[in-house]
Structure formats: structure tokens, C-alpha cells
Amino acid sequence: MPLLQILQVPHPLLKRVAAPVERVTDDIRRLMDDMLATMYAAPGIGLAAPQVGVSRRVIVVDLAKDETSRAPLRLVNPAVLWASEEQVIMEEGCLSLPDQFAEVRRPAAVKVSYQDESGAAREIEADGMLARCLQHEIDHLDGVLFIDHLSLLRRQMILRRLEKARRVRA
Ligand code: NI
């Protein structure tokens, strides 16, 4: 499985609203497998198709800490059906903003509808880390990054830090 290139901020595709998938085809299944391989290699716990240059509503998630406990989730056209009133603050990062982290407030629990890799309609209820990860990845499909949940000041601080890190590496 080829590793895909992960786009970084400020790539314009990361700000675009991704198109729904009409049918879960072999191409979509291959995309999800490649996204998982790319995510594991990064390493990361979630990846959205726009991050690898494909503006379609597809995400993959796996919270497993090591290879032996892998439990990949492949979600096509995921949508938040319900979100808890209770909100929690958790630290987030993103493969499109390498080495940048911030505390983000989001609903503690969500119910998400999606289609699985066979095209079957499914629902998942999640709290904790999984709820967090699902919301973060679904945001990507609407062109929203975790820094968009922060104040302008904190967002600019992270973007400046990212730019500085790039200059140091260059
Ligand atoms: Ni992300």
C-alpha cells in the first residue's frame, strides 16, 4: 500500500468542503486502506481524505497504541447526528499542523452516522478519545481545523510557530 503525502497548512484543500461519496467503490476502499497505512506510518490516530489531497467525505480512525491491538474504523460520509451538551477540553494535534498542540473544547460524546467499507449504513456512539477524534476528522471534511476552534490570538500563535519550525528545518 503506497503511503500518501499529507498536506500541511496552509494548503487550500484543507479549507475546502469535501464532496459526499455517492457509492463505496473499490477506489474508495483502496483510498481508505492507503489512508490507514499513511496514518499508521505518520503516526497518527485519525486522518481525513482532504489531508491526502482527496476532497471527498472519507475518514479513518484507529486509537490503538500498538500494531497488535489495531482496530481501524473506515467511515464514509460520516455525520454527527447528536452531540452531548456536556463539553470537555482535551489537547489536540493534527498531522497537517505537525508538532502543534492546543486544548480544544468540544462535546464530550457524539453519535455519528456513516457508511462502512461495504456501503452499509451504520451508527456509532462514542465518548472520550474516540468522540474527540471523530469530531476532529469530520471537521476536516468541512474545511475546519482544530485551530479554528481557538481564539484568533492563539490560532495566529500556532501558525507563527509552525512557520518558524519550517524555516528552521529548511
Ligand atoms: Ni487533523
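Structure notes:
- Carbon and sulfur %, accessible surface of the chain computed with the full protein complex present, 1.4 Å: 52
- Under 5 Å, built H, 5+ apart or other chain: amide partners of Leu4: Thr38
- The mean accessible area for residues of the range 12-169, using a 1.4 Å probe and ignoring ligands and nucleic acids, is 52 Å² per residue.
- Around the amide H of Cys94, modelled in the peptide plane, lie the amide H atoms of Asp99, Gln100, all under 5 Å away and 5 or more residues distant in sequence or on another chain.
- Extreme residue, positive dipole direction of the chain, given options Gly93, Ala170, Leu150 (C-beta unit charges): Ala170
- Phi angles of the range 79-85 translate, via the Karplus equation with coefficients 6.51, -1.76, 1.60 and θ = phi - 60°, into HN-Hα couplings of 9, 7, 8, 8, 10, 5, 5 Hz per residue; Gly and Pro are given as x.
- Expected 222 nm ellipticity per residue - DSSP helices of 4 or more, -39500 (n - 2.57), all of the chain, to 500: -9500 deg cm²/dmol
- Cleavage-rule hits (trypsin sites (Lys or Arg not before Pro)) in the range 1-40: DSSP loop, at most 11 neighbouring Cβ within 10 angstrom: Arg23
- Dipole check for the chain: with +1 at the C-beta of Lys and Arg, -1 at the C-beta of Asp and Glu, and the Cα centre as origin, the magnitude is about 820 Debye.
- Karplus-based coupling profile of the range 108-113, in residue order and whole Hz: 6, 9, 9, 10, 10, 9, with θ = phi - 60° in 6.51 cos²θ - 1.76 cosθ + 1.60 and x standing for Gly or Pro.
- Relative contact order, percent, the chain [alpha-carbon distance under 8 Å, six or more residues apart]: 23
- The convex hull of the Cα atoms of the range 12-169, projected and averaged over all directions, covers 9.6 nm².
The values are calculated or read from the model by the stated rules, or taken from the named source; none is laboratory data. All of these numbers come straight from a predicted model, not from anything done at the bench. Reconstructed Cβ throughout: ideal geometry from the backbone, glycine too, with neighbour counts over all protein chains shown. Accessible surface areas use protein heavy atoms only, side chains included; no ligands, DNA or RNA. Shrake-Rupley method; radii C 1.70, N 1.55, O 1.52, S 1.80 Å.
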